[in-house]
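The values are calculated or read from the model by the stated rules, or taken from the named source; none is laboratory data. Bear in mind that the values here come from a model prediction, so they are computed numbers and not experimental data. Cβ sites come from the backbone with ideal geometry, for glycine too, and all protein chains shown count toward neighbours. These accessible areas exclude ligands, DNA and RNA; they are computed on the full protein's heavy atoms, side chains included. Shrake-Rupley method; radii C 1.70, N 1.55, O 1.52, S 1.80 Å.
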Amino acid sequence: LMRSSAASDVYKRQIKMKNNKAFNKSNDRKSKKEKIIFYSLWVLIFCLCVLVSYFTVNEVIIKSWPLANKSYSPIVAKILIIFIFTFLNLFFCYSVKKYVFMFIYHFYLKFKVKKDIKVKNEKYINSNINNANYIVYVLYCTKDDFDENSILKSMKQKYKNCKFFILDDSSDSEYIKKIDQFSKIYDVEVVRRVEKKGFKAGNLNNFLSKYKNFDYFVVLDSDSIIPPDFIGKSLLYFQEDEKIGIVQSKNICNRQQNLFDYIGSYIHNVEQQADFTTRNIFGMQLFSGHNAIISKECFDSIGGLPQILGEDHGFSYQAFSKKFKIILANNIFSYETYPIEYFFFKKRQHRWTIGGAEIVRYIWWPFLKSNENIFKKTDLIIAQTEMFLTTFTTIVSIFNITILLPLNFTFNFSVWFIIMLTFLTLQPIINIFAFYLFKINFFKLILICLFAYFVYTSMSIWIIRGALRGLFFKNQKFWVTPKRKNKNFSPWQIVVLSRWELILSFLLIIVLSLLFIFYSYNFLSVAWVFLFFIPWIISPFFFLLSWKKIDKKKNLILNIERNNKKFCLLYTSDAADDRISV
């Protein structure tokens with residue numbers, strides 16, 4: 001019997017070894033296939049960029065150089081031609097990469113992600129991760145902006161070994177009182193600091209330098225809602241790969257209050273569900289600053305978050321330099337809100353641009369020197385140049401009107417080049433259109449695309465200001481994005497808040513009109529410039545969108561249209577008010 005039992009054990013071990021070998025071979029085949037797809041994709045992007053650059057050389061340099069010699073100042077004209085050529089190449093490379101990523105998502109990744117979500121969820125259900133011994137801190141960061149509903153929903157975690165803290169940087173006595181009352185009722189520890197330096201990063205660093213008995217920590221903003229299985233599902237990712245330093249969930253906008261944030265949420269959710277999913281595999285995923293979990297090892301090896309406005313992306317670059325991975329968890333949906341007012345939206349974009357410029361100023365060089373994959377590094381560099389593209393676009397438009405036209409110079413682009421330029425310029429709109437086509441009402445989809453173009457183009461002046469502040473000024477200011485508003489701006493306040501857009505657009509139109517009167521230029525040759533001025537002129541109208549309130553049904557429909565049937569069932573069964581989450 002003993003020999004029989006021993007033989008049986010040997011047989012079982014042999015079977016297990018064979019299964020493991022088969023499993024490893026299967027994984028090797030999958031990894032080889034993924035590598036082939038990865039490198040093929042980036043070779044395609046590189047070839048397309050070279051092709052587009054060749055066309056740009058022909059149209060912008062070769063054809064325009066002789067025309068510059070006929071202008072009143074050939075040297076100035078040629079300097080601006082080189083500047084515009086450089087900008088167009090950056091812009092075209094950015095658009096080409098985005099188009100390739102868009103196609104790979106719709107024709108490959110979209111189906112792969114569905115299978116991946118099913119596998120991950122089954123693994124979570126069959127695991128005992130919620131009873132693990134990892135100590136997890138959940139850090140709710142707030143500054144004069146406390147949302148009791150959000151933190152209460154986030155506190156319903158199935159994971160047992162976690163503890164919530166409120167990191168309060170508030171100076172408003174009303175919010176301080178609310179937080180103190182909440183902490184007494186729900187037994188949540190509040191941590192405040194005397195010197196409020198370093199923005200949100202300084203708040204987190206201050207806490208984590210004192211409370212060191214943890215394995216992982218979760219970062220939440222005041223409007224963040226994480227699902228009950230957030231911590232458990234996230235920890236499984238860390239168990240799969242010890243190189244993972246940050247697990248970022250998909251942040252979906254819900255709880256809309258008016259027409260502005262209702263339409264804007266559609267645009268935000270495309271980036272989270274399509275763009276980030278593609279970058280997670282074929283590029284480099286970034287930490288979004290909230291609704292993510294970070295390992296103590298990753299945090300300690302970097303020495304804390306960089307104390308700049310863009311601490312999230314800055315920390316991402318530093319994590320990559322230390323060989324840590326950032327993973328997007330496709331099976332974890334967290335929730336946040338979209339800015340409820342156009343002016344709040346402008347302030348947020350301005351803050352993000354300053355943070356992005358500070359990253360270029362302080363953090364880029366060590367990352368560029370790292371041994372990271374060249375294609376992934378290229379993905380991050382191209383993504384980081386997005387804020388400068390808006391700046392360059394505006395500057396190019398102004399140069400064309402105020403300098404090149406008076407110098408008696410205009411570009412003579414071919415029709416096919418103008419078509420290519422238009423096609424590449426419309427990439428963000430086409431991406432939104434492709435994502436929601438056949439999912440929502442067609443006329444609503446057109447409205448969303450128009451909103452995306454006009455609202456985001458109108459940001460250019462604020463983005464220029466933000467880029468200059470981030471690159472050349474040290475003392476920055478943190479603007480909190482309010483989640484509620486007490487009253488609408490008056491018509492006069494709207495005009496005052498839009499003054500720079502209105503003044504600049506009318507000045508440029510006057511200059512352009514004078515040039516047509518005195519120099520008899522062909523209007524069609526510069527008509528494209530108005531595509532940038534029109535959003536500035538109508539920017540006061542965007543304030544009015546927040547005046548139109550939406551009811552709970554529309555709020556619910558927005559979420560139903562975005563997600564699968566199972567999610568809809570969960571959502572509707574829990575829908576007690578406008579601030580509900582799954």
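Of the whole protein surface, Ile327 contributes about 40 Å² of accessible area at a 1.4 Å probe radius. Largest first, the residues Leu48, Leu447, Leu309 sort by 1.4 Å accessible area into Leu447, Leu48, Leu309.
Among the listed pairs Lys35/Lys439; Lys33/Lys158; Lys200/Lys548; Lys177/Lys210, those whose Cα-Cα separation exceeds 29 Å are Lys35/Lys439; Lys33/Lys158; Lys200/Lys548. Taking all protein chains together, Val50, Val511 sort by accessible area into Val50, Val511, largest first [probe 1.4 Å]. Derived scalar couplings between HN and Hα for the range 297-305 equal 4, 5, 4, 5, 5, 7, x, x, 7 Hz in order, rounded to whole Hz, by the Karplus curve 6.51 cos²θ - 1.76 cosθ + 1.60 (θ = phi - 60°), x for Gly and Pro.
Each residue of the range 271-279 was assigned a 3J(HN,Hα) from its phi angle through the Karplus curve 6.51 cos²θ - 1.76 cosθ + 1.60 (θ = phi - 60°); the sequence is 4, 5, 8, 10, 4, 5, 4, 6, 5 Hz, with glycine and proline shown as x. The trypsin sites (Lys or Arg not before Pro) of the range 208-251 meeting both criteria, a DSSP state outside H, G, I, E and B (loop) and at most 12 other C-beta atoms within 10 angstrom of the site's C-beta, are Lys210, Lys212, Lys243. The GluC sites (Glu not before Pro) of the range 226-289 that meet both conditions, a loop assignment by DSSP and at most 14 other Cβ atoms within 10 Å of the site Cβ, are Glu242.
Heavy-atom accessible area for Ile446, with the other protein chains in place and a 1.4 Å probe, reaches approximately 60 Å². The length gained on full extension between Leu437 and Ser73, counted as 0.36 nm times the residue separation minus their Cα-Cα distance, comes to 126.1 nm. Ranking Asp147, Asp300 from most to least accessible surface, computed with a 1.4 Å probe over the protein chains only, gives Asp300, Asp147.
For the chain, which whole-number percentage of the solvent-accessible area (1.4 Å probe, protein heavy atoms only) is attributable to carbon and sulfur atoms?
The computed percentage sits at 63.
The modelled label-to-label distance for the pair Lys35/Asp180, using points 7 Å beyond Cα in the direction of Cβ, is 6.1 nm. For Gly310, the amide hydrogen comes within under 5 Å of the amide hydrogens of Gly355, counting only partners 5 or more places away or on other chains and with H modelled in the peptide plane.
Which value in deg cm²/dmol, rounded to the nearest 500, describes the helix-derived mean residue ellipticity at 222 nm for the chain, given -39,500 (n - 2.57) per DSSP H run of n ≥ 4 and division by the residue count?
Dividing the helical sum by the residues of the chain leaves -19500 deg cm²/dmol.
Taking 30 Å as the limit for the C-alpha separation, the pairs Lys233/Lys474; Lys118/Lys346; Lys163/Lys376; Lys178/Lys347 exceed it in the case of Lys233/Lys474; Lys118/Lys346; Lys163/Lys376.
Whole-Hz Karplus values for the range 233-245 come out as 5, 5, 5, 4, 5, 5, 5, 6, 8, 6, 7, 6, x Hz, taken residue by residue from phi with 6.51 cos²θ - 1.76 cosθ + 1.60 and θ = phi - 60°; glycine and proline positions read x. Measuring r between the beta carbons of Ile82 and Phe472 and using R0 = 35 Å, the FRET efficiency lands at 0.90. Take the chain with all the other protein chains still there, run a 1.4 Å probe, and you get 49 Å² of accessible area per residue. Residue-normalised convex hull volume from the C-alpha trace of the range 285-433: 186 Å³ per residue. Once both labels are positioned 7 Å from their Cα atoms along Cα-to-Cβ, the gap between Leu447 and Ile510 label points is 3.7 nm. Loop-located GluC sites (Glu not before Pro) across the range 141-202 with a Cβ neighbour count of 13 or fewer within 10 Å are Glu195, with loop assigned by DSSP. Amide H of Ile332: which non-local residues (sequence gap of 5 or more, or other chain) have their own amide H closer than 5 Å, using H built in the peptide plane? Hits under the 5 Å cutoff: Lys250.
Have a look at the DSSP beta bridges in the chain and tell me what percent are antiparallel, nearest 5.
25 percent
Please calculate the 1.4 Å probe accessible area of Asp215, with all protein chains present, and give it to the nearest 10 Å². Roughly 60 Å² of Asp215 is accessible to a 1.4 Å probe.
If the chain linking Lys163 and Ile534 were pulled fully straight, counting 0.36 nm for each residue of separation and taking away their Cα-Cα distance, it would gain 128.5 nm. Helix 199-208 and the long axis of the chain differ in direction by around 20°, with both axes built from C-alpha atoms.
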